[in-house]
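Just so you know, all these numbers are worked out from the coordinates, no wet-lab data involved. All values derive from a computational prediction rather than experimental measurement. When we count neighbours, we look across all protein chains shown, and the Cβ atoms used for this are built from the backbone with ideal geometry, even at glycine.
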Amino acid sequence: MRFAVNMAEGGYADEAAEFNVEDVEAIVRTAIHGTLNEHDYNSKKVNEWTNAIVQTCLKELQAMGRPFKYIITSVIMQKTGAGLATTASMHWDTTKDGFCKVPWQNATMHCIITICGISVTVDDPQDD
């Protein structure tokens with residue numbers, strides 16, 4: 001049985017307790033486009049760009065007010081013709097936790113942002 005805390009008591013509505021990949025992906029795409037869209041790869045700017053993307057994503061995710069802890073990873077790589085492969089594996093509650101991977105590229109670079117959302121809601125009030 002899923003337990004939903006009353007919003008008046010400072011809890012979250014049922015739909016707010018779900019990791020919505022579409023909402024998260026929209027946040028990530030906006031952050032990437034706002035940071036990288038007009039730029040060519042520059043190794044001296046990579047740290048600045050990754051920090052800006054991650055900070056923008058965290059700010060927007062927190063503004064959604066959903067009951068999650070977030071883990072964000074960022075990869076920016078120059079396009080040189082070399083291959084790039086990533087993978088992720090999780091052991092969690094697939095009904096509440098979620099994962100979103102957003103790849104992006106332009107003529108000079110690749111960017112991959114991944115976000116894991118770990119639910120902080122409790123299914124049974126006796127588990128507190």
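Measuring r between the beta carbons of LYS101 and ASP40 and using R0 = 35 Å, the FRET efficiency lands at 0.90. Amide H contacts for THR108 (H built 1.01 Å from N in the peptide plane; partners 5 or more residues away or on another chain; cut-off under 5 Å): TYR41.
Given a cut-off of 26 Å, name the pairs among LYS59/LYS101; LYS45/LYS101; LYS69/LYS101; LYS44/LYS69 whose C-alpha atoms lie farther apart than that in the structure shown. Let's see the in-between values first.
Working: LYS59/LYS101 18 Å; LYS45/LYS101 22 Å; LYS69/LYS101 16 Å; LYS44/LYS69 30 Å.
The answer is LYS44/LYS69.
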